[in-house]
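Student: Encoded as structure tokens, here's the structure I'll be asking about.
The values are calculated or read from the model by the stated rules, or taken from the named source; none is laboratory data. Please read these numbers as outputs of a predicted model, since none were measured by experiment. As a convention, Cβ positions derive from the backbone with ideal geometry for all residues, glycine included, and neighbour counts pool all protein chains shown.
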Amino acid sequence: MTTTNNEFWLVRNEHQLNRFLEKANELYEETGYVEFTWKTAKTRTQRQNRALHVWMRWVSEELNNAGFTVHKFFKADHEMIWTPTIVKENIWRPVMRAMTKKDSTAHLSRKEVQQIFDVLNNALARKGVHVPWPNGEN
């Protein structure tokens, strides 16, 4: 009977790399088979994901407070207030796709989240709206 032991290794320096290689050799010698899966980019963290959604909520509130509306053409004169979902789909996602060619925030690196925020923060500031990135205190 074969058992599967799932582990992961985080390699951020040469010492960790050497320890991983030692472990890989050890496992191969013991079992004759080892399968590896890896990521080379740090994707956004759960904390960053929560902050992203808080930021979208704050942006929707600030845009509404500033008197901006979303024009949707369900009817000729129909206007909608901003919601976090509308911010995500109509502000964040188009910029994200243009900058990264990615369709999901789950696939963004930490750096990409910051870069997209910087672009959007500048664009919002030009409209007189400032929404800082949430920190652990908000």
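Student: Any residue at all in segment 111-128 that's at pLDDT 85 or above, more than 27 Å from Arg12 (Cα to Cα) and not in a helix (DSSP H, G or I)?
Tutor: Yes, segment 111-128 contains at least one residue that is at pLDDT 85 or above, more than 27 Å from Arg12 (Cα to Cα) and not in a helix (DSSP H, G or I).
Student: In addition: So, in segment 121-138, how many residues would count as being surrounded by 15 or more Cβ atoms within 10 Å (Cβ to Cβ) and touching a residue at least 40 places away in the same chain (Cβ under 8 Å)? Talk me through it step by step, then tell me what you get.
Tutor: Residues of segment 121-138 that are surrounded by 15 or more Cβ atoms within 10 Å (Cβ to Cβ), as a first pass: 121, 124, 129, 131, 133-134.
Retained after the next criterion (residues that are touching a residue at least 40 places away in the same chain (Cβ under 8 Å)): 124, 129, 131, 133-134.
Qualifying residue count, segment 121-138: 5.
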